[in-house]
Each structure stands twice: as structure tokens, then as C-alpha cells.
Amino acid sequence: MHVSISCLCRGDLVTVTRYLVQKTGWFLLAFSVALILNFFLPRMIPGNPVDTIVSQMGQGGADSQSMQRVYENYMEEFGLNEPLHQQFFTYVGNVLRGDLGTSFSLYPASVNSLIGNALPWTLALQIPAILIGWIIGNLLGALAAYKGGWFDRVGFTGSLLLSSLPYYSFAILLLYVVAVRWDIRQLVADTAPVGYQPGRGRSSRTR
Amino acid sequence: MGPPTTFSPLAATIAFPCNGNWAYLYEPLFTFNMLTGDIDPLIGESFEFDGTMSVSVKLNPAAKFHDGEAVTADDVVYTYQLPERVPEVPWAGSLNYISGVEKVDDTTVTMLLNQESINPGMVRSYLGSISILPQHVWEPREADGDVIAYAELEPVGSGPFKVNIANPEQIILERVDDWWGNELFGAPAPKYIVHPIPKSNDDANLSFQLGEIDLSQSFMPQIWKLWEDQGLPVATWFREQPYHLPGNIPVAIPNVHKPGLDNPLVRRAIAHGINYALLAETAVSNFSIPVNASLIVPGAAEDSYFNQEAVDATGWTYEPEKAIAILEDELGATKGDDGIYVLADGTRLGPWKASCPYGWTDWMTSLEVLAQGAKEIGIDITTEYPETPVFYDAMRAGNFDIVMNSFAGASAAGPWQRFRDAMDSRGVPGIGEGPAFWNFNRYQNADAEALLDQIAVAEEDAKLDLYTQIDEVFRTDVPVIPLQYRAWEFYNINETQWTGFPTSENPHTPPTFQGSGVRVFAKLSPVE
């Protein structure tokens, strides 16, 4: 029996190092560009986040003089009255320390905690989905290749159809089948007596 | 909407039900009553003004917080003084009218009226909206630092409900069985209140139709079909147009500093060109009667100040021929080849853009009706719908031709706030000098400002006359153009599960979620 033993020679090491350096360089470049875009793009839009917070206050019924006072104080607190380059350095400094700051739209929650709350759900959905997709996909593929004939043709056409369905329309179809036809909502015990729906987003108060 | 991130009444974006006007969990001293326009007792038993110097408030000695501590004068003083130390709190504006709060004894406080802007009405409005905080809970947090950003998830209030569950799908409130107000105001019948956070209006409206939601604040077009065609046990305040109790007046605000729009007669011509009945029907599903030429809302809290005779005598209605008469006879304008009028000094009437935030479909339709009406009388107005923050930025900066907005709704301060918001230039930075939070078009009129100051301190029986006078200034100058009436809150009832909700035929409680409307829960009984 012939056994080939590969050795890591000097030439290979240079190639790997160059590869790693190159990759790291590209990564750093992409990271910086993303950072810069992430900072400047929202700031190029007219208006500012404090406008939005204060508008929400107004929709909550706050009077215009309170809004004026709060606006001025928040501009100062968020540093939005400082020069843009200074804001940028503060931002970069915070990001490097792993601090993504305070959410404007869900003030006063920290962005870190918002991502932290959402991440387990994303992972719990994504990881099984990827695994199931990988296993079923490979099994079907192997089976189709092995069996051939009608199984191959149906499998191929079927998966082509499914994969080219836009996910949002597929989601509506699933919603219809699972929630309306099978009505799995009945499985959820409804114990609460008064359902109460005081509008969403804009309250009618100030409109 | 995202998940509730804080129930702190100090935050700018407060989760249901913790802002000042919801007396469910936190309670203000008094609650605003949409039917009477006055404030009803709650923690405060009574109040008495000492001329224009101060107001003395008697507290109910029975009032206590959920943790058993009594609500005392100290808590009231702490709450009312908080904006002096933490200027970001949403009731910071109260400092403009209340300059100091003093404890007299455990159940009495005296509030000093700010002598620079004396306004008992605004003080009443704040008495009916500032939630009383437990000092023993909040003071230590204040000492720890950034109290405004405190993420309060276990709020301690004094109201009939507390938070049971809060997640991104819903907020569930649980009845406080030993609420201090049970005997005085009646104990709420439901043990829980579920506030689902729907993904969309359609989603919410479907749940309402299915009887899963008993009370809804959504805009539900043609809601009458639910009882007329489908026979569902659904109701609104009135059984016919306008269905809901009006509480505000969304207006179009022309930029009074643009050539052409700076002429009150041009603004009046535009007002004559708007088909208000069509607007009410298409934009707001007939949840409004055709609007009057007045900044006072008839038929509800402000009805006693509304002067129909004066409105009929000097107001405008949809009359395109009158608009054209104003343009041709009074202004001497001539029609260009393109069908648009040009004033005698060569100013072409337009092109002007009328805008509101994208996606606010009822307002977008209102502006389409306005623009269409203007076209028909030879004024060139088109519509534009920017994203919300962009819109607000431009409106506050005064950088617009015509914008749509609502000023203050009905309140214990009467229509005063709305007139102030539309016509008072004091405290408003000029165009290019900073953002405005009222009077976005920087309208200026000394008569209006003098009248505002008179109304602020006037006795009740002098107010009708003064409001008629300032409404007359409004009709002469047309600083804004009313477009429709808007409910303070839409109040859609489905009595599949619970019955006893108020309607105009049985008006035992105001049809509001906020203010005195909270008393409805004591009137409900389950359907057998």
C-alpha cells in the first residue's frame, strides 16, 4: 500500500502567511469602509434621530413646549450638536470597545442588549434551518443521482420551483396553510379576558 | 413598534400604559374628561386657584402606591420638581406655567403659577397629565446617575393595573385587587387587559372583527359596515357620521413668507377651493363632518367656545367660484396660458408643494383633495411625501411651501393651546435660526398674541367672546387652513365578550382610552 505523507515545507508556509495577511488586510479594509458608511450614511439624510424621538413624544400627547425643551436636551446628550468629525471619533472609539451605544428608535435600550435579545431567536431559527436544509438537500440530491429517472426529474423541478419562490410569498402561503387552514392558534390557550388594542405607531392624539 | 424597553414615565418613548394621560398604572392628580372638557378627581380630591398666583391641591389620604406606601404631598412635590433637575422629562414644559411646588401638609400642596406666563388653563392641563411618581423608588435612582435612561421594567404606580407580562408580542396588565380607588371609583371588572402589539393595522382590524379584541383605537374605514352588513355587536360613539367624538383639527400650514402665499387673500382662495365634504369622505371615511372655518372643535370638549354664527358670517366653505372672485376681483390676478393665476405684481401662484409624511394615507388623501381643488381654481399646488424624519426636519426649519400637521388636541386648557400653536410667534426661532415646535410657518400677529394672553387669564364667562375674537383674526389672516376633524382617539367597541361600553346614547364615561376613560373598566360585565 502506498502512503503519501505531505509535509509543510518552507514554500507552503510563505503561501499560507501571504494568504492570511492578504485576507486580514481585505477584512480590515471592508470593516473600515462598513464602519464609515454606517456612520455617515444615516447622517447624510436630512433630519436627525432626536427629531424622531421628539415626534414620538408629541404623538404620545406631550405639548409643544415640552418637546422644545426635550429636543434641546437630547441634542446635547447624544452629542449631535458637536462637529461631525468629533462625533465620528467618539463612535469609532465606542465600537472598538464593543459598545454600540444607545438605540435612538428604542431609547433608552442599549443596542448591545437589543442584539443580545434578538440573537438567540435568530440562531434558534437559522441553525436548524441550515442543518435541515443541508441534510435533506444532500439526501435528495444523492438519491436523485442514484435513482435517476422520474425521481430525478420531479426532485429537480420541485426544488427549482421552491427555491425560486420569493421567500415573502412562500411565507404568506405557509401562514395561510399553518395559521388559517390548520389554525394552530387554537393550540394557544386564550386565558385573558379583555383584548385591548390602543393603536400602533401614531396615536390619534396629535393628529 | 418594538418590544417594550421601558415603562419609565421619564422616557421620551414610553410603552403602553405609562405615559401621562393613561391613568392605568401611574396616576396623575386628575384625569381629563373629553365630554366635559374639565378634569376629574383622582389622587387630587379638589383644587382651588388663588387668583392668578397659585393653585392649592387637596390629595386623597387613601391614595397609595402598589407597594403599600401612601401617595403624599412629598411625592407630588418630587414629581413636579423633577424637570428642574432632569430637563428631558416629557412634562418639562410645565415649568413654563408652574414655577414652584410647596408642601403644605401631607395631603395638601400649593403650586405657584409662573408669573411670566400666567395660564390657569395650562396648569389644569398639567394637573390632569403629570403622573405622580413614588419618591422612595425614584430618588435613589436619581442619585445613581442617568435616571432618564433608566430601563424601568417593574413600574410601581398607584393605578388599578400593573404590568403582568411584557414581550414583543403583547403587554398584559393585571388588576391590582387592593387598588385604593375601588370604593370611590369602582373596581375594574376585567382581571387582565391584553394589549397586543400587532404587526399592522390590517392585522389589528382582523382581530377586532373576529371579536378577539374588545376595544380598539385603530383607524377602521367604514366601520359601520360591521354592524349594518355583518350584524356584529360593534359600535362607535355615534351610530352615524362622524361616528367618533372629535378632538382635534389637522390643518394645512402655508408658508406665510413665500411670495404669493404671504397674501392672506390667496390663502383664503385656497381655503375656498377645498372640497371639505369630499375630503371627509375619501380621506377619513366620514369620521369627520365637513370642517368649519374655525380653530375650535364643535360638538365636544370645546363646544362652549364655538360660535357658529361668527363662523357662518365671516368663514369660508367649499365655493370655487368665490375663490376665483377673490383672485380676479380682489387681487386683480390674471390667468396665464397655463391656466394658473398671476398676481398684479407678477407673482405666479405656484408651483407649490404640499407635503406630509409618506405612508400617512389619510393625510396624503387630504392633500390630494387640497391640490386638486387648487388646480381647479388656477393655483398650482402638487403633493410630495417625504420620509417622516425628513418631513419633520423641514417643517420645524420652516423649509416648506405647505405642510400638514395637527396642533394640540382637546385639553383642559381648552382650544388655547391650538391657537397658541398656530398663531403665537413668541419663543419660536425665525426661519433659518433653529427648529420650531409650534407656529412652523412663523406667522406673526400682535393682536392674536394679545388675545392669547387675555384668554389665558380670563374668567370662564368672558372666554366665548375672546375666543370668537381670536377666531376672527384667524379667519381674516388664514395662517393655517383646517382640513378635517379628528377623533382624540378612535373608540371602536366589540361587545362579543364584554358589554357596558359607553356610546353617545349612554354616555356614562368619555369614549377615550386615556384620561377619565379609564373608569370604563368598572362599568363592564362579561357577556354570558
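Results, tabulated for the structure shown:
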| item | result |
| --- | --- |
| Relative contact order (%) - segment B:145-285, alpha-carbon pairs under 8 angstrom, separation at least six | 11 |
| Accessible carbon and sulfur surface of segment B:389-528 relative to its total accessible area, %, 1.4 Å | 49 |
| Residues whose placed amide H lies under 5 Å from that of B:Thr383, excluding near-sequence neighbours | B:Ala354 |
| Local electrostatic count at A:Arg69 - Lys and Arg +1, Asp and Glu -1, tallied over other residues with Cβ under 11 Å | -3 |
| Over 21 Å [Cα-Cα, segment A:113-191], rounded percent | 55 |
| Prolate/oblate/rounded call for segment B:287-403, Cα gyration tensor, a/c under 1.5 rounded | oblate |
| Prolate/oblate/rounded call for segment A:89-131, Cα gyration tensor, a/c under 1.5 rounded | oblate |
| Whichever lysines have a C-alpha closer than 20 Å to that of B:Lys375, once near sequence neighbours (fewer than 8 apart) are set aside | B:Lys258, B:Lys322, B:Lys335, B:Lys353 |
| Nearest-10 value in Å² for the accessible area of B:Arg175, using the 1.4 Å probe | 50 |
| Whole-Hz ³J(HN,Hα) from phi, Karplus 6.51 cos²θ - 1.76 cosθ + 1.60, for segment A:81-98, glycine and proline x | 8, 7, x, 4, 5, 5, 4, 5, 5, 4, 4, 4, x, 5, 4, 5, 8, x |
| Exposure rank, largest accessible area first [B:Phe490, A:Phe88, A:Phe104; 1.4 Å] | A:Phe104, A:Phe88, B:Phe490 |
| Probe 1.4 Å, all protein chains present, accessible-area order of B:Trp227, A:Trp134, largest first | A:Trp134, B:Trp227 |
| Under 21 Å from the Cα of B:Lys58 - lysines, other chains or at least 8 residues apart | B:Lys103 |
| Contour excess over end-to-end distance, with Cα ends at B:Asp461 and B:Trp227 and 0.36 nm allotted per residue | 80.0 nm |
| Nearest-10 value in Å² for the accessible area of A:Thr102, using the 1.4 Å probe | 60 |
| Test item: B:232-241 mean partner chain Cβ contacts at 10 Å | 0 |
| Probe 1.4 Å, all protein chains present, accessible-area order of A:Trp26, B:Trp316, largest first | A:Trp26, B:Trp316 |
| Two-decimal log10 I(q)/I(0) for the protein assembly as shown, as the Debye equation yields it once each C-alpha is a single scatterer, q = 0.06, 0.07 Å⁻¹ | -0.43, -0.58 |
| Part-to-part distance (alpha-carbon centres) for segment B:292-350 and segment A:116-138, which is given in Å | 62 |
| Under 15 Å, Cβ to Cβ, from B:Leu261 - net charge with Lys/Arg +1 and Asp/Glu -1 | +1 |
| Surface share of carbon and sulfur [accessible, 1.4 angstrom probe, percent] for segment A:2-109 | 65 |
| Minimum 20 Å² accessible area buried by the other protein chains, segment B:127-170 residues, probe 1.4 Å, relative to alone | B:Ile148, B:Ala149 |
| Modelled FRET efficiency - R0 60 Å, A:Gln86 with B:Ala446, Cβ distances, 0.05 increments | 0.90 |
| Chain B - percent relative contact order, Cα under 8 Å, separation 6 or more | 19 |
| Separation of the B:Glu69 and A:Thr157 label points, Cα + 7 Å toward Cβ, nm | 7.4 |
| Estimated D of chain B in µm² per second, where Rh is the Kirkwood radius over Cα pairs and Stokes-Einstein applies at 25 °C, 0.890 mPa s | 100 |
| Mean-position separation - Cα centroids, segment A:82-99 and segment B:213-262, in angstrom | 46 |
| Whether segment A:41-189 is rounded, prolate or oblate, judged on the alpha carbon gyration tensor where a/c under 1.5 counts as rounded | prolate |
| Accessible area of B:Thr388 in the full protein assembly, 1.4 Å probe (Å², nearest 10) | 40 |
| Simple spin-label estimate for A:Met44 and A:Thr122 in nanometres, 7 Å along Cα-Cβ | 2.4 |
| Residue-normalised accessible area of chain B, expressed per residue, 1.4 Å probe, Å² | 36 |
| Carbon and sulfur %, accessible surface of segment A:113-191 computed with the full protein complex present, 1.4 Å | 75 |
| Spacing of the two label points (7 Å from each Cα toward its C-beta) at A:Ile115 and A:Ser164, in nm | 3.8 |
| Förster radius 45 Å - calculated FRET efficiency between B:Gln372 and B:Arg426 (Cβ-Cβ, nearest 0.05) | 0.80 |
| Buried area at the B-A interface (accessible, heavy atoms, 1.4 Å probe, summed, Å²) | 5300 |
| Segment A:113-191, accessible area per residue, ligands and nucleic acids excluded (1.4 Å, Å²) | 89 |
| Under Karplus coefficients 6.51, -1.76 and 1.60, residue-wise ³J(HN,Hα) of segment B:91-105 in Hz, glycine/proline x | 9, 4, x, 4, 4, 5, 10, 10, 8, x, 10, 10, 7, 8, 8 |
| In range of the label at A:Leu96: residues from segment A:12-42 whose backbone nitrogen is under 20 Å from the point 7 Å along Cα→Cβ | A:24-40 |
| Bins of 10 Å, starting at 0 and running to the largest distance - Cα pair percent for segment A:2-109 | 11, 30, 21, 13, 9, 8, 5, 2, 0 |
| Near-label residues of segment B:257-278 by backbone N, under 15 Å of a point 7 Å along Cα→Cβ of B:Asp345 | B:257-267 |
| R0 of 51 Å, Cβ-Cβ distance A:Lys23-B:Asp337: FRET efficiency to nearest 0.05 | 0.15 |
| Karplus-derived 3J(HN,Hα), 6.51/-1.76/1.60, for each residue of segment A:171-181, Hz, glycine and proline x | 5, 5, 4, 4, 4, 4, 5, 7, 8, 8, 6 |
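The values are calculated or read from the model by the stated rules, or taken from the named source; none is laboratory data. What you see is a predicted model, and the numbers here were worked out from it, not measured in a lab. Virtual Cβ from ideal backbone geometry, glycine too; neighbours counted across all protein chains shown. Side chains included, ligands, DNA and RNA excluded: accessible areas come from the protein's heavy atoms. Shrake-Rupley method; radii C 1.70, N 1.55, O 1.52, S 1.80 Å.
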